[in-house]
Number of protein chains: 2
Amino acid sequence: MTRRTPKDREGIPLAVIKRLPIYYRHLTELSDKEVERISSRELAEKIGVTQSQIRQDLSLFGSFGQQGYGYRVDELRIEIERILGLDRRADMVLVGAGHLGRALANYPNFKKRGFNIIAIFDCSPEVIGQIIGGVRVQDVQELEDSLLRRPVKIGIITTPEDVAQGIADVLAKGGVEGIWNFAPATLRVPDDVVLENVHVGESLMALSFKIEHKGELYK
Amino acid sequence: MTRRTPKDREGIPLAVIKRLPIYYRHLTELSDKEVERISSRELAEKIGVTQSQIRQDLSLFGSFGQQGYGYRVDELRIEIERILGLDRRADMVLVGAGHLGRALANYPNFKKRGFNIIAIFDCSPEVIGQIIGGVRVQDVQELEDSLLRRPVKIGIITTPEDVAQGIADVLAKGGVEGIWNFAPATLRVPDDVVLENVHVGESLMALSFKIEHKGELYK
């Protein structure tokens with residue numbers, strides 16, 4: 001296995017960034033089932049892409065797999081883990097302790113993968129002081145100070161739409177490297193802050209579209 | 001404005017299906033602000049795509065906008081609403097009344113757009129009988145009968161990973177046209193059932209990747 005350094009690359013297509021976590025999920029499933037090795041054909045079928053797609057995607061990061069042997073599941077899983085940055089610990093703060101915030105704060109897989117919610121903030125007096133996923137909810141007024149005292153890598157926004165931009169501004173000023181936004185808002189963030197949106201409503205609309213246009217071809 | 005029929009089309013790229021809901025969200029924002037008309041340049045900037053991208057995407061469905069005039073916001077919004085199937089009512093059932101299920105059941109925008117959760121199911125005796133978003137939670141054992149009595153268009157899965165496939169099977173057998181899956185599982189569904197996944201964990205991994213590879217180029 002040969003690794004490539006970033007300098008070898010001309011750029012990583014966004015589609016690859018979307019596929020790598022899918023590869024990782026399937027490889028983790030295989031690894032949990034103690035599968036040691038898989039042919040590139042089987043892996044491609046399981047994931048639902050072509051063999052050449054996998055080969056091409058992975059070739060951006062090095063050379064994996066062997067002709068006629070396939071892939072060593074655990075080796076590839078660990079390598080993708082490294083590429084995705086899952087081998088490093090990422091502290092996170094969560095702002096907005098509604099149902100969605102609670103769901104995320106209680107999600108067991110995050111901690112397992114090194115993503116650790118160290119603080120939770122809300123504006124509701126009824127919610128402040130509650131313990132969610134082992135963390136006490138603080139007043140959102142304390143967010144700025146908290147980030148000064150203890151910087152985090154990622155800020156999660158699960159607030160209503162109308163306050164999301166204000167929270168994003170505080171998070172960016174507080175030095176987060178990435179914002180994971182669940183509010184149905186179009187946020188503006190500085191160039192050095194990575195923004196990843198989960199727009200649940202858009203996913204439902206896409207489902208609706210696919211149902212209405214079932215039977216038509218997709219490219 | 002000329003509409004195209006599906007027969008004119010060779011196929012709708014999946015990327016377009018992802019962009020249409022984004023266009024719709026921005027047009028709704030503009031419409032709420034009572035903006036009547038927008039130039040194609042302004043619309044493109046707001047959305048963050050090129051003018052020709054918007055033109056090309058919309059051309060799959062008809063001819064919209066006028067040279068030198070731009071788009072009539074409400075006309076385009078209503079047209080995209082129709083393309084997305086949001087002008088038709090879609091009844092849904094939700095299976096899994098944990099935090100995430102509760103968040104979705106309480107999401108006000110769904111009902112506004114014609115998506116209506118008519119029944120909620122769970123397996124926990126403590127949760128069965130509770131009222132969530134105005135709907136009483138039923139025993140998941142009743143799901144099959146419920147779908148027979150009152151068919152729905154969409155089934156939402158917010159269960160743990162290990163039971164998600166079993167629920168998908170019951171939903172498919174019960175005649176749903178689409179499954180909106182939030183469980184971190186790879187579901188198998190019949191060809192005539194549309195599957196849309198929201199894999200929250202994969203989105204977090206993508207964010208992690210983008211943070212780790214910040215400064216490298218993206219295509």
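The values are calculated or read from the model by the stated rules, or taken from the named source; none is laboratory data. Treat the numbers as computed from the prediction; the structure is a model and nothing was measured. Every residue, glycine among them, receives a Cβ derived from its backbone with ideal geometry; neighbour counts consider all protein chains shown. Please note that ligands, DNA and RNA were not included when accessible areas were found on the heavy atoms of the full protein model with its side chains. Shrake-Rupley method; radii C 1.70, N 1.55, O 1.52, S 1.80 Å.
For segment B:62-92, a residue qualifies if it is more than 18 Å from residue B:38 (Cβ to Cβ) and touching a helix residue (DSSP H, G or I) at 6+ places or on another chain (Cβ under 7 Å), and the qualifying residues are B:83, B:84, B:85, B:86, B:87, B:90. For segment B:145-169, which residues satisfy the criterion of being part of a loop (DSSP other than H, G, I, E, B) and open to solvent by 30 Å² or more (accessible area, probe 1.4 Å)? Within segment B:145-169, B:150, B:151, B:153, B:160 qualify. The set of residues in segment A:60-71 that are open to solvent by 30 Å² or more (accessible area, probe 1.4 Å) and closer than 21 Å to residue B:210 by Cβ contains only A:60. Here is the figure for segment A:203-218: residues that are open to solvent by less than 30 Å² (accessible area, probe 1.4 Å) and either of a type in the set (Ser, Thr, Tyr) or under 24 Å from residue B:108 (Cβ atoms) (or both) total 8. Return the residue satisfying two criteria in turn: it lies in segment B:170-202 and is acidic (Asp, Glu) and within 14 Å of residue A:211 (Cβ to Cβ), and of such residues it is most open to solvent (accessible area, probe 1.4 Å). Within segment B:170-202, the match that is most open to solvent (accessible area, probe 1.4 Å) is B:191. If you check residue A:191 against the conditions, is it out of contact with any strand residue (DSSP E or B) (no Cβ under 9 Å at 6 or more places or on another chain) and within 12 Å of chain B (Cβ to nearest Cβ)? In short, yes. Among the residues of segment A:27-54, just one is at pLDDT below 90, outside any helix (DSSP H, G or I) and surrounded by 15 or more Cβ atoms within 10 Å (Cβ to Cβ), namely A:49.
When B:57, B:91, B:74 are checked against the criterion of being touching a residue at least 12 places away in the same chain (Cβ under 8 Å), open to solvent by 20 Å² or more (accessible area, probe 1.4 Å) and outside any strand (DSSP E or B), a single residue qualifies: B:74.
Against the criterion of being in a helix (DSSP H, G or I), open to solvent by less than 50 Å² (accessible area, probe 1.4 Å) and more than 28 Å from residue B:47 (Cβ to Cβ), residue B:101 qualifies. Scanning segment A:124-144 for residues that are under 26 Å from the mean Cα position of the chain (by Cα), without any contact (Cβ under 8 Å) to a residue 12 or more places away in the chain and open to solvent by less than 100 Å² (accessible area, probe 1.4 Å) yields a single hit, A:134.
Residues are listed down the side, and each one gets a yes or a no for (1) within 14 Å of another protein chain (Cβ to nearest Cβ); (2) more than 26 Å from residue A:158 (Cα to Cα):
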residue	(1), (2)
B:60	yes, yes
B:77	yes, yes
B:118	no, no
B:122	no, no
B:125	no, yes
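Does residue B:207 meet the test of being assigned to a strand (DSSP E or B) and either at the interface with chain A (Cβ under 9 Å from one of its Cβ atoms) or on the phi > 0 side of the Ramachandran plot (or both)? No, not satisfied.
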